[in-house]
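*Asks:* Below you'll find the structure I mean.
Bear in mind that the values in this text are calculations on the coordinates, not laboratory data. Owing to the predicted nature of the structure, the values given are computational and were not obtained by experimental measurement. Glycine gets a Cβ as well: all are built from the backbone with ideal geometry, and neighbour counts include every protein chain shown.
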Amino acid sequence: MQCPKCRGNMRTFDRNGVHIEQCDGCRGIFLDYGELETLSRMENQWAQQNYAAPPPPAAGPAWGGGHHGGHGYHHGHRKSWVNALFSS
Amino acid sequence: MPPDLLAHLVRLSGREGPPTVLKDTRVLVIRVGDVVVKAHPAGTDEADLRARLNVRLPGLLLEPLGIDRAGDRIVTIWPAGQPVTPDDLEAPPWEEGGRLLARLHAQPVPPGLPPMRGPERVTRAVGRLEPGDLPRLAYRTLDLRQRGHGLTHGDWHLGQLIRLDGAWLLIDPDDLGYGDPVWDLARPAAWFASGLVSPDEWDRFLGSYLAAGGTAVSPEDPWRELDGPARALTVQLAATAMATARRDNTALDEAAEALISSCERIMATPAPS
């Protein structure tokens, strides 16, 4: 295959499952259909593994039940226990 | 209550008029006219209580009008403010509470002040239970060691706020002392963790505490400091609810059930190191 830019000879390489052609003259690279997408996908995966943000701190304790364990905040009948919020 | 105690407190109030009993537990608290009179529990250490009553923080902590005695009970007399009551339910003063605690925690510890008594309250609460009761089992997994030495209220909840002459104040220095101030946030944290206080209310409380410069928790991960004390207060509140229901021969209410179920999870979840 001939380089579309400088008409030099292009050589085929396989790098991590991506098929590329590189020109011996100008070092330009030719990608086949779908290979640019493959490269982007691989770059994203690498970035996620290496630069993933730390998980945000927990908004409650690991043993909490009200909002984390699926019981939900007890909206309905608060009157019944509200005294507990006001006494020792 | 001992039969003559009420009459004795009315005499000590120096006011006329019918008394209103505000609380009749280990303490007896009455209101007569514009003063509140409190008989402290029998066996209260007088030197410790006096050291606590001598902490004067104008605009922050209500100051007593006097200290007296009724038989073997120490009695304190206070100006009557407007308490926060369950009727204020529509808008509990979470922000005011958070701000007052932040200011309290910024004060130096006066020399001679005893330790705060939060952990003692936990131990006393589970002492009312039977050996196999869940909160009592969960108690054995708690770490009650204090990791700070700041000025701490020791028993903070919404009922420890009053309005006097338009200003909000903290009341009840009975458990005030040096210790880890994060304990003052632990009871609302325990309510929140058991679903008794909504995430919104919890955020308002903690947010106003942090915005007012509160230092007991790290803003980026407040549960790092809160986890242990909130476990302790959950056990205390569950134990108190259970003992009270048993004494009154009533069923556990929804709040008690939620707290006891948190005790189970506390036992199943090792504390973060």
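*Asks:* Report, for the protein assembly as shown, the % of DSSP beta bridges that are antiparallel, rounded to 5.
*Replies:* Values: 38 of 40 bridges.
The antiparallel fraction comes to roughly 95 percent.
*Asks:* A further question follows. If you build a Gaussian network model of chain B, linking Cα atoms that sit under 10 Å apart, which residue out of B:163, B:31, B:246 swings the most?
*Replies:* Result for chain B, Cα springs under 10 Å: B:246 fluctuates most.
*Asks:* Same structure, new question: What's the magnitude of the charge dipole for the protein assembly as shown around its Cα centre, counting Lys and Arg as +1 and Asp and Glu as -1 at the beta-carbon? Answer in Debye, nearest 20. Please report the intermediate quantities before stating the final value.
*Replies:* Values: 37 positive and 45 negative charges, 104 e Å.
Dipole size: approximately 500 debye.
*Asks:* All other residues with a Cβ under 15 Å from the Cβ of residue B:57 taken together, and with Lys, Arg as +1 and Asp, Glu as -1, what is their net charge?
*Replies:* Around residue B:57, the charge tally is +1.
*Asks:* While we're here: Rounded, prolate or oblate: which fits region A:10-51 when a ≥ b ≥ c are the square roots of the eigenvalues of the alpha-carbon gyration tensor, with rounded for a/c under 1.5 and prolate only if a/b beats b/c? Write down the numbers at each step before the final one.
*Replies:* On the way: a/c = 2.84, a/b = 2.27, b/c = 1.25.
Judged from the Cα gyration tensor, region A:10-51 comes out prolate (a/c at least 1.5, a/b above b/c).
*Asks:* Specify whether the C-alpha gyration tensor of region B:5-80 places it in the rounded, prolate or oblate class, a ≥ b ≥ c being the square roots of the eigenvalues: rounded for a/c under 1.5, otherwise prolate if a/b is larger than b/c and oblate if not.
*Replies:* oblate
*Asks:* Related question: For every other residue with a beta carbon closer than 15 angstrom to the beta carbon of residue A:7, add +1 if it is Lys or Arg and -1 if Asp or Glu, then tell me the sum.
*Replies:* +1
*Asks:* Given a 10 angstrom Cα cut-off, can you work out which residue in B:122, B:29, B:21 is the most mobile in a GNM of chain B?
*Replies:* B:21
*Asks:* Another question, if that's okay. With axes computed from alpha carbons, what is the tilt in degrees of helix B:199-211 against the longest principal axis of chain B, rounded to the nearest 10 within 0 to 90?
*Replies:* 70 degrees
*Asks:* Another one. Using Cβ counts within 10 Å as a stand-in for footprinting exposure, how do B:206, B:6 rank, fewest first?
*Replies:* If I rank by nearby Cβ atoms, fewest first, I get B:6, B:206.
*Asks:* Here is a follow-up. Determine the shielding of peptide B:195-201 by partner chains: average, over its residues, the number of Cβ atoms on other chains within 10 angstrom of each Cβ. Each step should come with its number before you reach the end.
*Replies:* On the way: counts 12, 8, 6, 6, 5, 1, 2.
The per-residue average across the peptide is 6.
*Asks:* Right, another one. Have a look at B:13, B:110, B:28 and report the one farthest towards the positive end of the charge dipole of region B:1-144, computed about the Cα centre with Cβ charges (Lys/Arg +1, Asp/Glu -1).
*Replies:* Value: B:110.
*Asks:* Ignoring solvent entirely, what values of log10 I(q)/I(0) come out of the Debye formula for the protein assembly as shown at 0.06 Å⁻¹ when each Cα is a single scatterer?
*Replies:* Debye curve over Cα of the protein assembly as shown, log10 I(q)/I(0) at q = 0.06 Å⁻¹: -0.33.
*Asks:* Using unit Cβ charges (K, R positive; D, E negative) and no other charged atoms, how large, in debye to the nearest 20, is the dipole of region B:5-80 about its Cα centre?
*Replies:* Working: 11 positive and 9 negative charges, 17 e Å.
With only Lys, Arg, Asp and Glu charged at Cβ, the dipole is about 80 debye.
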